[in-house]
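Enquirer: Handing you this structure, nothing more for now.
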Amino acid sequence: PTYHVRRGKRLAEERHRQLRTTGRVDVPESVGHSLLLIVFAIVFIVIGAATLYATIEASDEWAEAFTGLEVWIGLLSLLFGTIGFVGVLIQMRWRAALTLTWDGLAEHRMKKGERVTVSMTAWRDITGFSAMYLGGRWPFKGQYTVFMHLVPDAYAAYRAGLSPTRRRLDSANASMFGHGRIALRRFSGGPKALHELLDRAHRDFGAPPGPG
């Protein structure tokens with residue numbers, strides 16, 4: 001196994017041991033992934049600004065510049081880059097974390113200096129976890145993304161709490177990845193270490209109690 005695979009397994013084992021011993025383990029959101037998104041956003045901003053500047057400089061009049069396709073491509077790149085940059089900064093300020101306990105898992109964020117619970121899911125409402133590579137083109141695999149599988153009632157409750165826009169997005173995801181699956185965000189240690197940790201925790205605490 002490569003160094004990253006060994007490191008991920010070791011991290012999953014350490015977190016699983018802490019969970020079994022103390023009843024709780026916190027997994028912070030990945031700062032490295034957020035910084036990578038900031039870099040991509042800045043690239044979009046630079047490309048958009050450069051395209052706008054070059055197009056306007058090459059045109060005799062402002063009105064003429066805005067009739068070409070290039071200026072609209074530049075505007076869209078600048079817009080998406082700016083929105084992405086601000087969005088990632090807000091996410092980093094909120095500092096999300098995933099907390100695993102003997103009862104289930106919860107996602108928290110920091111808002112105005114207070115820890116706010118965004119979502120909570122009991123182990124009994126989870127049927128399992130899976131993962132797949134998304135967004136890759138040969139020879140690159142894409143991003144390893146972890147999915148949480150919910151029982152029908154829990155998935156219905158999850159959808160009921162979504163905004164109309166996010167509900168439409170969830171329906172599109174369900175058509176691609178399967179009904180009842182929720183993609184998890186990226187947390188510290190990498191998605192493979194998180195996947196192994198969640199699998200172990202679910203095996204330990206997700207099984208229904210046996211007959212008394």
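The values are calculated or read from the model by the stated rules, or taken from the named source; none is laboratory data. Keep in mind that what you see is a predicted model, and the values were worked out from it rather than measured. Cβ placement follows ideal geometry from the backbone for every residue including glycine, while neighbour counts extend to all protein chains displayed. Just the protein is used for accessible areas: all its heavy atoms, side chains included, with ligands, DNA and RNA removed. Shrake-Rupley method; radii C 1.70, N 1.55, O 1.52, S 1.80 Å.
Enquirer: I'm trying to understand the selection: among the residues of segment 1-33, which are modelled with pLDDT under 85 and assigned to a helix (DSSP H, G or I)?
Expert: Y3, H4, V5, R6, R7, G8, V31, G32, H33, listed by residue number.
Enquirer: Same structure again: Select the strands (runs of 3 or more DSSP E) contained entirely in segment 34-131, then report the ones holding at least 2 residues which are at pLDDT below 85.
Expert: Here the list reads 104-111, 114-122.
Enquirer: So, Y144, is that one outside any strand (DSSP E or B) and either in contact (Cβ under 8 Å) with a residue 24 or more places away in the chain or polar (S, T, N, Q) (or both) or not?
Expert: Considered against the rule, which asks whether it is outside any strand (DSSP E or B) and either in contact (Cβ under 8 Å) with a residue 24 or more places away in the chain or polar (S, T, N, Q) (or both), Y144 comes out as no.
Enquirer: Being basic (K, R), open to solvent by 70 Å² or more (accessible area, probe 1.4 Å) and farther than 30 Å from R17 by Cα narrows it down to one of R124, R168, so name that one.
Expert: The match here is R168.
Enquirer: Kindly check whether there is at least one residue in segment 149-163 that is under 22 Å from R15 (Cα atoms), modelled with pLDDT of 85 or more and surrounded by 15 or more Cβ atoms within 10 Å (Cβ to Cβ).
Expert: yes
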